[in-house]
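The block underneath contains the structure these notes are about, expressed in structure tokens.
The values are calculated or read from the model by the stated rules, or taken from the named source; none is laboratory data. All values reported here derive from a predicted model rather than from experimental measurement. Backbone-built Cβ (ideal geometry, glycine too); neighbour counts: all protein chains shown. Quick note on the areas: whole protein, heavy atoms, side chains included, nothing else; ligands and nucleic acids left out. Shrake-Rupley method; radii C 1.70, N 1.55, O 1.52, S 1.80 Å.
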There are 4 protein chains.
Amino acid sequence: MLIRRIRKTPLERLSLARNCTLGPLNKPIATIKPGETVEVETWDASANTVKPGQTPKDARRKGVQIYENPVTGPIHVEGAQSGDVLKIEVITITLPRIGWTSARTRFSEIDGWLQLPSPPTKFSRIRKGKIVYVLSDGRTIEVPVEPLIGTIGVSPAYEAIATITPGRHGGNMDVPDVCVGNTLYLPVAVEGALLGLGDVHAAQGDGEICGTAVEVCSMVSKVTLKIELEKHKKLDWPRIESKDEIMTVCSARPLEDAARLAFLELMKWLETDYGFERYDAYAFLSIAARARIAQIVNPLFTVVAKLPRKMLPRTEVISKA
Amino acid sequence: MLIRRIRKTPLERLSLARNCTLGPLNKPIATIKPGETVEVETWDASANTVKPGQTPKDARRKGVQIYENPVTGPIHVEGAQSGDVLKIEVITITLPRIGWTSARTRFSEIDGWLQLPSPPTKFSRIRKGKIVYVLSDGRTIEVPVEPLIGTIGVSPAYEAIATITPGRHGGNMDVPDVCVGNTLYLPVAVEGALLGLGDVHAAQGDGEICGTAVEVCSMVSKVTLKIELEKHKKLDWPRIESKDEIMTVCSARPLEDAARLAFLELMKWLETDYGFERYDAYAFLSIAARARIAQIVNPLFTVVAKLPRKMLPRTEVISKA
Amino acid sequence: MLIRRIRKTPLERLSLARNCTLGPLNKPIATIKPGETVEVETWDASANTVKPGQTPKDARRKGVQIYENPVTGPIHVEGAQSGDVLKIEVITITLPRIGWTSARTRFSEIDGWLQLPSPPTKFSRIRKGKIVYVLSDGRTIEVPVEPLIGTIGVSPAYEAIATITPGRHGGNMDVPDVCVGNTLYLPVAVEGALLGLGDVHAAQGDGEICGTAVEVCSMVSKVTLKIELEKHKKLDWPRIESKDEIMTVCSARPLEDAARLAFLELMKWLETDYGFERYDAYAFLSIAARARIAQIVNPLFTVVAKLPRKMLPRTEVISKA
Amino acid sequence: MLIRRIRKTPLERLSLARNCTLGPLNKPIATIKPGETVEVETWDASANTVKPGQTPKDARRKGVQIYENPVTGPIHVEGAQSGDVLKIEVITITLPRIGWTSARTRFSEIDGWLQLPSPPTKFSRIRKGKIVYVLSDGRTIEVPVEPLIGTIGVSPAYEAIATITPGRHGGNMDVPDVCVGNTLYLPVAVEGALLGLGDVHAAQGDGEICGTAVEVCSMVSKVTLKIELEKHKKLDWPRIESKDEIMTVCSARPLEDAARLAFLELMKWLETDYGFERYDAYAFLSIAARARIAQIVNPLFTVVAKLPRKMLPRTEVISKA
């Protein structure tokens, strides 16, 4: 299989607007055909300013221009139109040997509740499938490596949304289910879709409560994706499929609105694809759905609603028409 | 082992206040010693007014007095004082062969968003570890039986809180982790603790979005609990331990406040019992915590924050004092 | 006019439950007839533990039992039944010459956002219709005295709700419109209504953001009320009438839910009393309503929705039946 | 005084992105000097598709391209840089003789709570300072004309934010205090500021609960503004000054976050310009602030926090440095 490689454009070549938004006026850095597999180099959320020996504070002190959560893109997908769906299979995620975690003030508000002083940036080694988290007293804890793409999205119809923000277009959803083996579906809103991605995490807790997960240094971080196009298949919000589950991903504030939207999207999925009556879907999810709080730290909060495939009806629905 | 049986008091013998609140002025129906195992008969959320052939609407039409989510109790635990913790191990949950699910208007607001008409009550058979959910078109789906105690709590310090409401005292948390094999910890606020419980579900989806789960007819529903007392161990909110996880349970609105509180309680747990510095706990949970949206339909919403035991530090902390 | 005087019961004579909840099991301290005018002595929110020379911190240090926001009551109103409405006209509010303001941690969360250190308690003189607020640098600001009853409510149907909490039953609404000259309507839920009140403020900002207003020392604080009964006039939430406005008062979290409920109640009022079609009421309030954020610091937040009387239709509606 | 006239560009000449966002990549339609007075023609929120004889539904049925809440702009202000403040005095607002009000589904959620059917669009005559609102039964109500500019904002630093959304940059704040005689301050984020405005309302209720106010047909709607530049005066959010009050305007979800931010900005104002200690500002606003719920229907909700000028300290502060 021939894999097209898409390099990061050096950030200083592009404006802040072009690096740090997903929008219709951003000029593509590459064009691909539906069905292609691409390998994409990705930035971390700090645009490579945080690394061993340099914390976010150091970077700011040195007057380094901070590109907040830049993405690699936009990637133009030939033939993609508003009303289509981009189908993105995550094939591989390549990680460096080190990750960082740094609490940002007032992200989840928990720091305010705790009256926490400004905390240090933690660097953790990543090796043999484990992240080695070192406590202040020297003890270590091993956390399994479960890599995910934190930010992946297409252009909205006419806004240019900051890459720090999640939404209907994808973006900074920080969903652990955007991982190797799973397939993400994004609603296309403009010609060419204009896909951008970045912000790989080696692992992430539900809620991502301090504002960062195990962020990975961007020098060697890259992902391989197979990108296909489903014509004329309207979606309102991103969806994910894994071997075992179907999932909807919605972002809003307050958090219950994100949850309500995600359950509502899952109901609509059961109606259109599995022949449920609306009420059946409503009551059934009340006894069978699962949910994940992806994050409560970005400008909108993200919830994933899930249904195990084994709880989908086994009998076919004969066309409702 | 001698097991003490605690029967439900017929509802008409008690006032609404005594059946449907947890509070310090409610007179105990039984007194037990710490360490005892008890078998408690429980009411369902409809106080047995919903059963095959009778829906909530029918019950209301007949003018039946509705006791909303009554509990069996209060059970006085000898020696329990404010500042102690009640440790409750769930040994067994006995289910009837039928359960019901009924959407309530404006519970999760999703019905308003959907402009859903008044939906029917669903009855589902429960057999051989499966709940058989029947769709409107006759197809069936099997959902695994995973029974839980929806409502279990002690008396607050001076309020009498409706049994429909969750809080620091426990109450209507609707948490699937209050299940057989797990241990629940509740902060005692008044002499004797004054435990009450009910509202067993045969299974429940995260969010419990239509307002009910698989509610079980109360005629044959009962639970066996081992109840112990931990003296002088102050808790601010309920906690749960399973074989694999430690968990905190908090209830608030909006949902992010419930999540923030639950993560904060988990941080405090790591600090006091596992020797974490505050900041270490904060950043560590950001990469390792798990969370469950228990319900978004009761007067306060409930989130469970979790940490896998295998991610707790293996080295002992030498006393911090 | 003969005015009945209702004294505060010394707090130590009653349990915490009886002083600090509104509930059906609390025994009346007085019984009045509908139409009577009563003069009621009131406690402040600190139960008289804060006074010149003693801050809340001092009181706690001395081990003084803190009764949080105690009320004077319950007052039994003869003939009041569930389904009736208590009509309470505020005739006078008598203030002492000094008030206090003290920030409480994590009340409005603004302190967390600001990382504010524990702040001092402020005492302000009240004289000639002015509150003299003294800044740390010695400058003074005069704030007009606009006294209000912060907490006034009846017993809920079966819960005993803490007097710190507002709700459908009234309670700690902290609404500046509960002031001299205005009339408050509360839905009766139990026999005798069981009215309680306290927590007079000499003035209050919208939001009451630090958790207290100009609280008044309880030694000399009292209010005169004319209390009437409107039979068979169901209300879902408290209402207020002034010479110039009609108002609804709702409490919930998040704050938009309190606002939605208050606007909804105002729509219902226009429908039932002024012959509006539902849609007319909806669109009309969108162009004409006023609202007040009463407080964002109590367990539920309170919004007042208002309509100027001069915007009520002048033509009579002939009975819709 | 020479007044520069700025005409609306016909919408079909510009892309959706250029008509309906405020962003750094939108090309200016005019350039002005600081100190100039400009008269700007404005679009209504429906881009002139709603008019007597045509409702929003009609427009959609005819396949008219809907430009949602387009603005006139961007207007480039010479010399404006990030870190400056744009000072905008509203001199006049010219209204047509007719306005419209149309409920949009799921805007404030109140329609969902009410299960309201799709409601009609209302047209109201505007004459002699009164809006004549006609009820379904033919009765009329007069609402005073109090015109305001619903949408006015500058470009964000790098995002292109939809003109339907409010934020730190201004935008669709729907604040009745942006009215004739008052002065609005907006933080400049990009060179030239790139001001845009539109969405004039003849009057608006607090909350704007049905999603529209008295929207005015855009054919004859225009505003006159005096625009000045304050160099090197960093603001975080919009502010307003009237003859009698100082005001801060913040937008967020949930609504309490908008309120917290607005009160916080007002505290910062008291600290920097009036010599308050932080704690003094906090406690003082708790007894003296006023607040307005501007709207609860846009993508973020807007609160205005206010302090009467007569409650500002009269003594000068000698420089704190």
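Report yes if some residue within the range C:149-171 is in contact with a Phe, Trp or Tyr (Cβ under 6 Å, 6 or more places away or on another chain) and under 30 Å from residue C:85 (Cα atoms); otherwise report no. Looking through the range C:149-171, at least one residue is in contact with a Phe, Trp or Tyr (Cβ under 6 Å, 6 or more places away or on another chain) and under 30 Å from residue C:85 (Cα atoms).
How about the range D:2-27: which of its residues are among the β-branched types (Val, Ile, Thr) and touching a helix residue (DSSP H, G or I) at 6+ places or on another chain (Cβ under 9 Å)? Break it down into steps so the answer makes sense when it comes.
Taking the range D:2-27 as the starting set, the residues that turn out to be among the β-branched types (Val, Ile, Thr) are D:3, D:6, D:9, D:21.
Correct list: D:9 only.
Among the candidates D:193, D:202, D:213, single out the residue that is open to solvent by less than 10 Å² (accessible area, probe 1.4 Å) and touching a helix residue (DSSP H, G or I) at 6+ places or on another chain (Cβ under 6 Å).
Working: D:193 fails: touching a helix residue (DSSP H, G or I) at 6+ places or on another chain (Cβ under 6 Å); D:202 fails: touching a helix residue (DSSP H, G or I) at 6+ places or on another chain (Cβ under 6 Å).
Unique residue meeting the criteria: D:213.
When residue A:148 is tested against (1) touching a His at 6+ places or on another chain (Cβ under 6 Å); (2) within 14 Å of chain D (Cβ to nearest Cβ); (3) of a type in the set (A, V, I, L, M), just one condition goes unmet, and that condition is (2). Among the residues making up the range B:105-138, those that are on the phi < 0 side of the Ramachandran plot, at pLDDT below 80 and open to solvent by 60 Å² or more (accessible area, probe 1.4 Å) are B:105, B:117, B:118.
Regarding the range C:288-295, can at least one residue be identified that is under 30 Å from residue D:100 (Cβ atoms), surrounded by fewer than 24 Cβ atoms within 10 Å (Cβ to Cβ) and more than 10 Å from chain D (Cβ to nearest Cβ)? Checked against the condition, which is being under 30 Å from residue D:100 (Cβ atoms), surrounded by fewer than 24 Cβ atoms within 10 Å (Cβ to Cβ) and more than 10 Å from chain D (Cβ to nearest Cβ), the range C:288-295 yields no hits at all. Output the number of residues of the range B:8-34 satisfying the condition of being in contact (Cβ under 8 Å) with a residue 40 or more places away in the chain and assigned to a loop (DSSP other than H, G, I, E, B). Number of matching residues: 12.
When residues in the range A:27-49 are screened for being at pLDDT 95 or above and either open to solvent by less than 10 Å² (accessible area, probe 1.4 Å) or touching a Cys at 6+ places or on another chain (Cβ under 9 Å) (or both), 5 of them pass.
Yes or no, residue by residue, for (1) open to solvent by 10 Å² or more (accessible area, probe 1.4 Å); (2) in contact with a strand residue (DSSP E or B) (Cβ under 9 Å, 6 or more places away or on another chain); (3) within 14 Å of chain C (Cβ to nearest Cβ):
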position	(1), (2), (3)
B:140	yes, yes, no
B:152	no, yes, no
B:160	yes, yes, yes
B:198	no, yes, no
B:224	yes, yes, no
B:237	yes, yes, no
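Filtering the range D:161-197 to residues that are under 10 Å from the mean Cα position of the chain (by Cα), over 25 Å from residue D:67 (Cα atoms) and of a type in the set (A, V, I, L, M) leaves only D:184.
Among the residues of the range C:123-138, write down those that are in contact with a strand residue (DSSP E or B) (Cβ under 6 Å, 6 or more places away or on another chain) and not aliphatic (A, V, I, L, M). Within the range C:123-138, C:123, C:124, C:125, C:130, C:133 qualify.
What are the residues in the range D:57-75 that are under 22 Å from the mean Cα position of the chain (by Cα) and surrounded by fewer than 19 Cβ atoms within 10 Å (Cβ to Cβ), if any? Matches in the range D:57-75: D:66, D:68. One residue stands out among those in the range C:254-277 that are over 26 Å from residue D:300 (Cα atoms) and at the interface with chain D (Cβ under 8 Å from one of its Cβ atoms): the one that is surrounded by the most Cβ atoms within 10 Å (Cβ to Cβ), which is C:276. The one condition from (1) away from chain B (no Cβ under 14 Å); (2) open to solvent by less than 10 Å² (accessible area, probe 1.4 Å); (3) assigned to a strand (DSSP E or B) that residue A:178 does not meet is (3).
Quickly run through the range A:136-166 and pick out the residues that are assigned to a loop (DSSP other than H, G, I, E, B) and farther than 17 Å from residue A:204 by Cα.
Pass one, the range A:136-166, residues assigned to a loop (DSSP other than H, G, I, E, B): A:136-139, A:145-147, A:154-159, A:163-165.
A:136, A:137, A:138, A:139, A:154, A:155, A:156, A:157, A:158, A:159, A:163, A:165 - these are the residues of the range A:136-166 that are assigned to a loop (DSSP other than H, G, I, E, B) and farther than 17 Å from residue A:204 by Cα.
All conditions but one from (1) open to solvent by 10 Å² or more (accessible area, probe 1.4 Å); (2) within 12 Å of chain B (Cβ to nearest Cβ); (3) among the acidic types (Asp, Glu) apply to residue A:230; the one that does not is (2).
Within the range B:31-45, the set of residues being closer than 23 Å to residue B:168 by Cα and out of contact with any Asp or Glu (no Cβ under 8 Å at 6 or more places or on another chain) comprises B:40 only.
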